[in-house]
Amino acid sequence: MSDEPKTPGTSNRVLIAWLVGAAVLVAIVAVDYTVHHHAHFAADGIDVDAMPEFFPVFGLVCGFVLVLISKTLSIALKRKDTFYADD
Amino acid sequence: MQMTDLPPAAVLFAGALLLPLFKGKWRFAVALALPLLALADSWAVITEGGASFIPFMGMTLQPVHVHAATPVFATIFCIMLAGGVLFSMNDDRRVELTAAFVYAGGALGVAFAGDLVTMFVFWEVMTLGSTIIIWSGRQNDSYGAGLRYFGMHALGGVALLMGIIIVVTQRLHEGAADPLAFGHFSAMVDGWSHLGWDNAGMWLILVGMLVNAGAPPFSSWIPDAYPEGSTSGTVFLSAFTTKTAVFTLLVAFAGVEVLIYLGVYMAIYGVVYGVNANNMRRLLCYSLVNQVGFMLIGIGVGTKLSIDGAAAHAFAHIVYKALLLMATGSVLAMTGKFRLGELGGLYRTMPVTMWCLIIGGLSISGFPLTSGFTSKSMVVQAIVDESSRMAALGEPHTYLIVTWFLFQAATAGVFLDACVKLTWFIFFQKDSGLRPPDPPWNMKAAMIAFAFICILLGVFPGILYQILPYQGEAAEYAKVVYSLEHVMVMLGMLGFSGLAFFLLLPILKRGSYIHLDIDWIWRRFIPRFWKEVLLPLLQQLDNAQKAILESLPGRGMRDANLPPPIARRMGNMWAVSVPVFLIVLMLLVYLVVYFVIPTL
Amino acid sequence: MKDNPIMRLAVRWNIPFMLIFALYTQAHGELGPGGGFQSGVIVAAAFILYGLVFGGAEMRRVVPRWFTDLLGAVGVLIYAGAGVYAMAMGYEFLDHAALMPSNPGGAEPWGMTIVEYGVGITVFGVMMTIFNEITEGTNPEDNEPTDDSADTEYGS
Amino acid sequence: MELIRHNLPALIVVTPLVIGLLTSIIGRRGLGWWMAMGTTAAGLAMSVQLLVDVLAQGDRTVEYLMGNWPVPFGIGYSVDPLNATVLLIVSLLGAVITLYARKSVASEVPAGKLNFFYALWLFCITGLLGITITGDAFNLYVLLEISSLSTYTLVAMGKDRNRRALTAAVNYVVLGSIGACFYLVGVAYLYMATGSLNIADIAERLQPIYASWGTEAPIYQKTVITGFAFMAVGLSLKLALFPLHGWLPNAYTYAPSSVSALLASTATKVGAYAFIRVIFTLMGVGFAFGRLHTDVALMVCSGAAILVGSWLAIRQTNVKKLLAYSSIAQIGYIALGFALANKDGITASVIHLFNHALTKGGMFLALGIVMYRVGGTRLSDLRGLGRKLPITMGAFTAGGLGLIGVPLTSGFISKWYLVSACLEQGRYELAAIVLVGSVLALVYVWRVVETIYFGKREDEVNVREAPASMLVPTLILVGASIYFGVDSSFTTHIAGEAADFLLKVKP
C-alpha cells in the first residue's frame, strides 16, 4: 500500500498507454483508407458505407449519440439506488 | 444399459441429488465430473440420434430428441456448468450448487425436448432452480428480487402452457399425427401478422418464450434479478434462462419478423441503460439484454446463415458473459464493492482478473480474434445477404437495412459500455486505494479457461462452426469471416467508439443511481395504487357490506328480548340470512332462465 | 309445572292412553293408516309430556338416557338385520321371502312387521335423545367472537 | 363369495350403516376406530370390485333390486362407470382418512364421545355411498339427509377446540336443510308429472311430456320446469357452487381435522355427482342444456366460483379456511367441466373429482398434523414449520402444486382436459378464466408456502414430525395425487368410460 493515489496521465506507464492507444487509432484510420469497402446495400443505391473512413466516423458518432441519449434519459429516470428499498 | 438410454438432463438431476452427500475434495470432484459426464452423454445421444417415447394422455412424449440446434446448446450448457462449478468451488454454498445442477439440468432437458410438454416441464424446473439460486445470493434484496423473478416467470409459464394447450388441441382436431411435437411452428401458421383466435396459441407460446428471453416489455427482470445472485450464482444465472429461450425461439419461431424489431429494441435498450448503470454486474445484465437482442435479430431474419449466427452467438455469448461476470464477481468477492464509483486502480494487484475482463469485453463487442467476432459477424452478413436477396425479388426490405445500421450502432455502443467503461472504471480511473489480490486459484482457473475458449473460438472458428445447425452454410462463411474488410469494419467502429468514451468522460459521472424501467409499474405504481386507492376502497365496501348485513331483519334476533339462553343460541343466525337470500335469488334466476329463455 | 295438580292429574291419566294408541298405530302399520314412525313419535311424546311436567331429570329416572340412546341404534339394527338376514339366505337385501321360503307371499307381512317395529323403536329412541339433548344441562356460554372477520385480511 | 359379490351394491351401503349402529353401542374406547377402519377398508375393497365388475359388463351397468321389488315399484341400485368411480373416490378417501383419524380425533374430540363420532363417521360415509349408488330419486334424498345430518353433528364436534364450530354447524344445518328440501320439492314436482321416483323411469316418462311441449296442448310443462329449477338450486347448494357456497368455509374450518378432510374430499364430490346424474340421466342433456340452457347458468356460476373462490382464498389468514375457499374454486372447475357437455369436459370433470379429492384430502390431512402438533392452523401457526415438520410441509407443498396445476401433478391433467374442452366449444373466455384461476391459485399457495419456508417464528415451539399413523395416510394421498399426474392412464380411462356412458356412446 505504499503507492500514492495517482490520477491517470501522471506516470510514464500511463502516458505510454495513452500514446499507444492514440497510435492504434491513427493506424486504423491509415489502414482503413487503403482498404476497399464495398457497399452492403448497393442494390438499394445506398453506398455511404463504401466511403473511406465511414466506419471510424460511424463508431465515433454512435458512441456520442448513444451516450447522449443515455444521459438525456438519465435526467428523467435517475433515482437514488435505494429508491425501491424506501418503501 | 446403454449410455444413450440415459437422458442427459437426468445426469445433472442425479448430480443434484448426489451432491449433498459429498464433502470437501470429493464434492469438488463429483461436481466437476458430472457436467463432463452429461456432455459425453449428450454427444452419445446426438450421434445416436436418440429418441425415446413415453405415452401421455393418449399422445407420446419425446424427452430425448435431437433438434438441429441441440448439439451447440447442449455442449455449451455442459461446459458452462463445469466452468461455473470450478468458479464456485471455494465458496460453500451448498444449496446454490444443488440448485445450479437442477437449473442446468432443466436447460439441458429443454435442449433435448422433442415435445411441448417435456419442454414446458423442464422450462418450469429451470424457473425453480434459478429462483433458488437468486435466493441463495443473500444480497440485500435477493429475496424480493427472487420473488419478482419467480412471479414474472410463473406468468410467462402460464402463457406458455396456455399456448401449448391451444396448439395441441388445434392439432388434435386437425388430426395431426404427433400433436405434441415441438418443432418449427412459424411454418404452420401463415399470416403471422394477424392476431386472431386461431393463432392465439402460437402467440401465447411466443410470449411465454419471450418473457424468458428478456424481450420488451419484460427486459427489466434481468438487471433486476441477476445482480442479486452471489458471485457464482450470477454466473450460473446469466447462462441458461435467456439462452434456452433463444434455443426454443430458434427451434419454433425462426423467421418470424416481429423478433427482429424486438431484437433491435433490446440491442439499443441494453446499451442505453448500460451506459447509465453504476452497479458493475447490473451493467453486464443490460449488455446481456443487448446480446440476446442480436440473437433475436438472427432468429427473426430466419435464413440458414442467420440461424447459424444466432446459435453460434448464443454459444460464444455464454462463455464471454460468464467470463465477464466471473471477473466482476472476483472483484466483488475481493473488495466487497460493486459500484463503479467506488472502484478504480485495481490493475496493480489484480492483473489476471483485469486481462480476463478485457478479453471478455473484447469478445462481447466482437473484436477480431475473439469469439464474438466470429459469431456476431455471421448475423450481420446474413442480414446483408437476405436484404440483397429480397431486393432482387423486389420485396420490401427497408427494415433490414435499418436493422443493419442499428445493429452496428449497438455493437459500437456495447464496446463503449461493457468493455471500455467497465475496464476503465474498475481497473484504472483514479485510484480508490483498494489493493485486493487476485482471487483464489479456482476462480482464476475458471476465468483463464473461459478466456482461453474466447480466444480459441476467435482464432479457430471452425471448431464451433462444425456443430452449428447448418454446417454447410457455416463452412462457406468460415472462408470469408476474416476478410480484411470485415476486420477493418470492426476495428474502425470499435476503436472510435472507444475514443468517444474518453472524449465524453467528463459527463459520465458516477453517482449511486438506478434508472427507472418498465418494472416501475409493478414495483412502485401497482403497490402504491393498491395501498392508497384500491385497499381503502375495498375496506369501504367491506364496511358497507357489514352495514347492510346489520340492517337485515334476521340480525334483529340478536337484539330482540329473547331469554338469554335462546338469544345466545340464536347467536349468529343472522349470518344465515344472506345465504338464504341468495338461495331464493338463485331459484328466481333458474326460473327466469328456464321459463323465459326458451320462449325467446 | 309439577306443582300444578291439574297438570299432574291430566298427564298421569293421559299417558297410558297414549301408549295404548301408540301400540294400536304400530300394530296396524302395514294395513291401515299408521306405522312404526308414527307410533314411535307417539310413545316418545308420552314420555316427553311426562318430562315436561315433572322435569327432565325425573323423566330420565324413568327411562335412563343410556337406554333411549341404545334404542335409537337397536331399532335400525332390527330393520337392517332383517335385510341382512335375507341377504345371508341368498335373497336380495330386504327380500322378506327369506323368512319363509316355502310361502314368499305370506312372509311379506312378517317381514314388514319386523321392519315396522324397528322403525318404531328407532324413532322413539331418537326423539328421546333429542329431548334429552335439549334439556340436559346447558353449557355455560362464553363470549368468543362468532363472526369471522378476524380470519380475513387484505393482501399483505 | 358369490353371495357377497351378488349383493355388493347393497352391502357397500348397508355394511357401514350396520357397523355404524353397532359402533354407537359398543364402540367405546379404541374399539370405535377399529370398527370404522375395518368397515371402510371393506368398503374400499367392495368399491374396487364393483368398478371391475362394471367395466367388465357389456352395457357398463350393474343393477340391484332392493327387496327384489322390480323397478320402478321398488328401489333399484344401479352402478355405471360414473358412479363406480365416485364410489371408489368416497370409499378410498374414507378408508385413508379413517386410517389417519385415530390420533387426530382422539386429540380433538372428548374420549366419551368417540363411539358417537365413529358411528356418525360411518353414517356419513353410508349416506355418501348411498347417494352415489342409488337409482331412485327419493332414496337419494333420504341418503342425502343421512349424510347431511351426520355431517352437521360431526362439524359441531369441533366445538371443544373452537366454539365457532357450533355456529358453523347451525348455519350448515339451516342451509343444508333448505338445499335438501329444494331437492325434495323438485322430486315431488316430477313425481306429480310422471308418477315415478326411479331416475331412469322418470327420464323415460318425461320423453312424451317433452314431446308435447311444442304442440297446442303441452303436458305438465310448468310443473316439470319448476321441479328442475328446485332441483338445480338444491343440488347447487349441496355442491357448494357459487353463490350458494355460504355454508362451506366455516364448516370446513371449524370441524375436527379429519372431518374437514373427509368433507372436502368427498361430500362436495358426491353433490357434483348427483348434479351430473340429474342433468345427464334424469333431465337428459339435450333437454337440460339444449332447451333450458342450464349450461349457461352453470358456466356463469362456475366461472364466478373460480374467480371469487380463488380471490377470497388469497385473503384468508386461516389456512383451513383458505383451503375451503380454494375448494369453492375447484368446485367451479368441476361444474364447468360438465357444463361444457362434451367428452373432454366430462372427462375433465370426473378426473377432477378424483384428483381434487386426493389433493385436497392430502392437504387437509397435512393441516391436521399441524393442528395436532402446533394446535392451530392460522398462517402464523405455520410460520417456519418447513424445518420442523419437513415431511408434512413437503406433502402440503406438493398438494399446493397440484392445486395450481403444475405439470406432473394430477391438477395439470384435469386442467388440460378442461381447457381443451373449453377450446373445443370455442369458449375462449372460459379457458382464460381457468388460467386466471391457476394464477390466483399460485398466489394463495405461494402465500402459505412462503410462510412455511421463509417465515420466522417468534416462539420456538419444539414440535416433532407427526406420528406415522398420521403421516402415512397424508403421504398416500399426496403421493397418489402426484402419481396420477405422472401416469394418468387409469384416471383418464375410467373418466373416459364415464363420459362415454353419459353421452351414450356405446363401447
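The values are calculated or read from the model by the stated rules, or taken from the named source; none is laboratory data. Being a predicted model, the structure only gives us computed values, none of them experimental. Glycine also receives a Cβ, built like all others from the backbone with ideal geometry; neighbour counts cover every protein chain displayed. Remember, those area values only see protein heavy atoms, side chains included, never the ligands or the DNA or RNA. Shrake-Rupley method; radii C 1.70, N 1.55, O 1.52, S 1.80 Å.
Assorted remarks:
- Restricting the range D:405-427 to residues that are polar (S, T, N, Q) and under 23 Å from B:Asn199 (Cβ atoms), the residue that is nearest to the other protein chains (Cβ to nearest Cβ): D:Ser420
- Of all residue pairs spaced 6 or more apart or on separate chains, none has beta-carbon atoms under 6 Å together with a first member in the range C:50-79 that is at positive phi and a second member that is part of a loop (DSSP other than H, G, I, E, B) and open to solvent by less than 30 Å² (accessible area, probe 1.4 Å).
- Among the residues of this structure, B:Leu416 does not count as one that is out of contact with any Gly (no Cβ under 8 Å at 6 or more places or on another chain) and either modelled with pLDDT of 90 or more or under 20 Å from A:Leu25 (Cα atoms) (or both).
- For the range D:202-211, a residue qualifies if it is among the hydroxyl-bearing types (Ser, Thr, Tyr) and open to solvent by less than 10 Å² (accessible area, probe 1.4 Å), but none of them does.
- Conditions (1) open to solvent by 10 Å² or more (accessible area, probe 1.4 Å); (2) of a type in the set (A, V, I, L, M, F, W, C); (3) within 8 Å of another protein chain (Cβ to nearest Cβ); (4) touching a His at 6+ places or on another chain (Cβ under 9 Å); number of the one not met by B:Met390: (3)
Results for (1) under 21 Å from the mean Cα position of the chain (by Cα); (2) within 13 Å of chain C (Cβ to nearest Cβ), shown as yes or no for each residue.
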| residue | (1), (2) |
| --- | --- |
| D:Asn7 | no, yes |
| D:Leu17 | yes, yes |
| D:Trp33 | no, no |
| D:Met37 | yes, no |
| D:Thr40 | yes, no |
| D:Thr61 | no, no |
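- Of the helices (runs of 4 or more DSSP H) entirely within the range C:1-120, those holding at least 2 residues that are open to solvent by less than 60 Å² (accessible area, probe 1.4 Å) and of a type in the set (A, V, I, L, M) occupy C:5-27, C:36-54, C:65-88.
- Only one of the numbered conditions (1) out of contact with any Pro (no Cβ under 6 Å at 6 or more places or on another chain); (2) modelled with pLDDT of 80 or more; (3) open to solvent by 40 Å² or more (accessible area, probe 1.4 Å); (4) within 13 Å of chain D (Cβ to nearest Cβ) is not met by B:Glu532, and that is (4).
Conditions tested, residue by residue: (1) out of contact with any helix residue (DSSP H, G or I) (no Cβ under 8 Å at 6 or more places or on another chain); (2) closer than 24 Å to D:Met231 by Cα; (3) among the polar types (S, T, N, Q); (4) at pLDDT 90 or above.
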site: D:Val270; (1), (2), (3), (4): no, yes, no, yes
site: D:Gly284; (1), (2), (3), (4): no, yes, no, no
site: D:Val296; (1), (2), (3), (4): no, yes, no, no
site: D:Val300; (1), (2), (3), (4): yes, yes, no, yes
site: D:Ile328; (1), (2), (3), (4): no, yes, no, yes
site: D:Ile331; (1), (2), (3), (4): no, yes, no, yes
site: D:Ala335; (1), (2), (3), (4): no, yes, no, yes
site: D:His356; (1), (2), (3), (4): no, no, no, yes
site: D:Met363; (1), (2), (3), (4): no, no, no, yes
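- Taking (1) modelled with pLDDT of 80 or more; (2) within 14 Å of chain D (Cβ to nearest Cβ); (3) not in a helix (DSSP H, G or I) in turn, B:Leu585 satisfies each apart from (3).
- Neighbours by Cβ (under 8 Å, 6+ apart or cross-chain): first from the range A:47-65, over 14 Å from B:Phe501 (Cα atoms) and more than 7 Å from every other protein chain (Cβ to nearest Cβ); second part of a helix (DSSP H, G or I) and open to solvent by 40 Å² or more (accessible area, probe 1.4 Å): A:Ala50/A:Ala42; A:Pro52/A:Tyr33; A:Glu53/A:Val29; A:Glu53/A:Tyr33; A:Phe54/A:Val48
- For the range A:57-87, a residue qualifies if it is at pLDDT below 90 and over 20 Å from B:Gly274 (Cβ atoms), and the qualifying residues are A:Thr82, A:Ala85, A:Asp86, A:Asp87.
- The single condition among (1) in a helix (DSSP H, G or I); (2) surrounded by 22 or more Cβ atoms within 10 Å (Cβ to Cβ) that D:Pro407 does not meet is (1).
For every residue, the table says whether it meets (1) closer than 23 Å to D:Phe280 by Cβ; (2) open to solvent by 10 Å² or more (accessible area, probe 1.4 Å); (3) of a type in the set (S, T, N, Q).
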{"site": "D:Asn68", "(1), (2), (3)": "no, yes, yes"}
{"site": "D:Ile75", "(1), (2), (3)": "yes, yes, no"}
{"site": "D:Val79", "(1), (2), (3)": "yes, no, no"}
{"site": "D:Val90", "(1), (2), (3)": "yes, no, no"}
{"site": "D:Tyr100", "(1), (2), (3)": "no, no, no"}
{"site": "D:Asn115", "(1), (2), (3)": "no, no, yes"}
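- Boolean, D:Tyr372 is among the aromatic types (Phe, Trp, Tyr), in contact with a helix residue (DSSP H, G or I) (Cβ under 7 Å, 6 or more places away or on another chain), surrounded by 23 or more Cβ atoms within 10 Å (Cβ to Cβ) and assigned to a helix (DSSP H, G or I): no
- Elements of type helices (runs of 4 or more DSSP H) in the range B:8-124, at least 2 residues being surrounded by fewer than 17 Cβ atoms within 10 Å (Cβ to Cβ): B:8-18, B:24-48, B:94-111
- Subset of the range D:222-237 [at pLDDT below 90, open to solvent by 10 Å² or more (accessible area, probe 1.4 Å) and not hydroxyl-bearing (Ser, Thr, Tyr)]: D:Lys222
- Test result for C:Val84, within 13 Å of another protein chain (Cβ to nearest Cβ) and free of Cβ contacts under 8 Å to residues at least 12 places away in the same chain: yes
- If you filter the range A:30-41 down to residues that are more than 8 Å from every other protein chain (Cβ to nearest Cβ) and in a helix (DSSP H, G or I), you find that the one that is surrounded by the most Cβ atoms within 10 Å (Cβ to Cβ) is A:Tyr33.
- Taking the range B:329-349 as the range and being in contact with a helix residue (DSSP H, G or I) (Cβ under 7 Å, 6 or more places away or on another chain), within 12 Å of B:Met280 (Cβ to Cβ), open to solvent by 10 Å² or more (accessible area, probe 1.4 Å) and not in a loop (DSSP other than H, G, I, E, B) as the test, only B:Leu332 passes.
- Selection status of B:Gly293, touching a helix residue (DSSP H, G or I) at 6+ places or on another chain (Cβ under 6 Å) and open to solvent by less than 10 Å² (accessible area, probe 1.4 Å): yes
- Counted residues, the range D:375-393 - those being assigned to a helix (DSSP H, G or I) and open to solvent by 30 Å² or more (accessible area, probe 1.4 Å): 6
Rundown of residues vs (1) surrounded by fewer than 23 Cβ atoms within 10 Å (Cβ to Cβ); (2) touching a strand residue (DSSP E or B) at 6+ places or on another chain (Cβ under 8 Å), yes/no style:
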| position | (1), (2) |
| --- | --- |
| B:Tyr273 | no, yes |
| B:Gly302 | yes, no |
| B:Ala314 | no, no |
| B:Leu323 | no, no |
| B:Ala327 | no, no |
| B:Pro351 | yes, no |
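- Residue in the range D:456-463 that is open to solvent by 20 Å² or more (accessible area, probe 1.4 Å), part of a helix (DSSP H, G or I) and more than 21 Å from D:Gln316 (Cα to Cα) present: no
- Residue in the range D:168-186 that is away from chain B (no Cβ under 14 Å), at pLDDT below 85 and open to solvent by 20 Å² or more (accessible area, probe 1.4 Å) present: no
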